[in-house]
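Working notes for the structure below.
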Amino acid sequence: MMIDALRISIASPKILGLFAAFLIAGFGVASAKAIPFSGTGGFTQATTVIDFENFAIGTQSVATADATIHAEFQGFPYPEFTPSDVHVRSQGFAQHTGIFEGQFYGFNAVDYVIEFNGLVQEFGVGIFDPNFAGNVLIAYDVFGNELERVTSGEDAEFQTGQIGGSFSTFVGFTRGFADIKSIRLLRAEGDVLGIDTVTFSAVTPATVGDDIPEPGTSVIFLGSLLGLSLIRRRLRA
Ligand SMILES: [Ca+2]
């Protein structure tokens with residue numbers, strides 16, 4: 001975790017010097033792009049919030065113009081959960097204002113998936129009743145590669161509370177540019193989570209192919225090379 005690395009660096013002048021040298025050399029910049037945070041104050045840009053208040057109770061898969069939210073089922077040891085069990089619910093227990101209140105989604109022994117219709121730079125979500133170490137919030141890029149994760153019990157940004165449904169927290173990421181395509185919240189063994197206040201910065205189009213040649217372009221390029229080669233042979237002949 002970048003923040004932990006920074007703390008260690010500050011504790012040791014030698015490592016700090018090395019770290020500075022890396023920064024000057026241009027290394028370490030990539031990993032500094034992702035900063036996990038807790039609390040709803042971690043955003044630097046205007047955000048959109050899905051608070052589930054406008055969806056009918058019982059809605060199983062939530063979709064807006066920007067994102068879709070659904071659950072993934074782990075099966076054993078909770079084979080009893082089916083898609084119809086995971087849906088928009090109304091509040092029936094202690095809550096945290098602005099993080100977990102009113103209507104929310106889930107509260108089952110499942111994982112949650114948030115897919116954006118494009119890319120976002122900043123993301124955060126209210127998480128209800130995390131009690132154990134090992135809950136993980138992960139951001140993925142457009143190729144499904146992991147960008148960043150925060151884990152309860154390991155990272156200070158992902159707090160847990162007492163068992164009994166009295167605790168909620170807010171966990172998120174901010175990136176150097178918009179490269180988050182999807183988010184997964186994977187529950188720890190034995191934990192049961194719900195989500196609310198899904199918050200994200202502007203969704204920008206996911207343009208795959210700006211840095212990577214499309215297959216078609218490569219084939220055309222290869223074709224041109226073969227063509228040149230043939231012309232050269234003919235000229236020689
Ligand atoms: Ca809500």
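Derivation of every value follows stated rules applied to the coordinates shown; laboratory data play no part. What you see is a predicted model; the values in this text were computed from it and never measured. Cβ: placed from backbone, ideal geometry, glycine included. Neighbour counts: every protein chain shown.
Worth pointing out:
- Which listed residue, of LEU137, LEU119, is in contact with a Lys or Arg (Cβ under 7 Å, 6 or more places away or on another chain) and farther than 14 Å from ARG187 by Cα: LEU119
- Pick from the stretch 37-76, criterion within 13 Å of the ligand (Cβ to nearest atom) and in a strand (DSSP E or B), ranking: farthest from the chain's Cα centre (by Cα): VAL62
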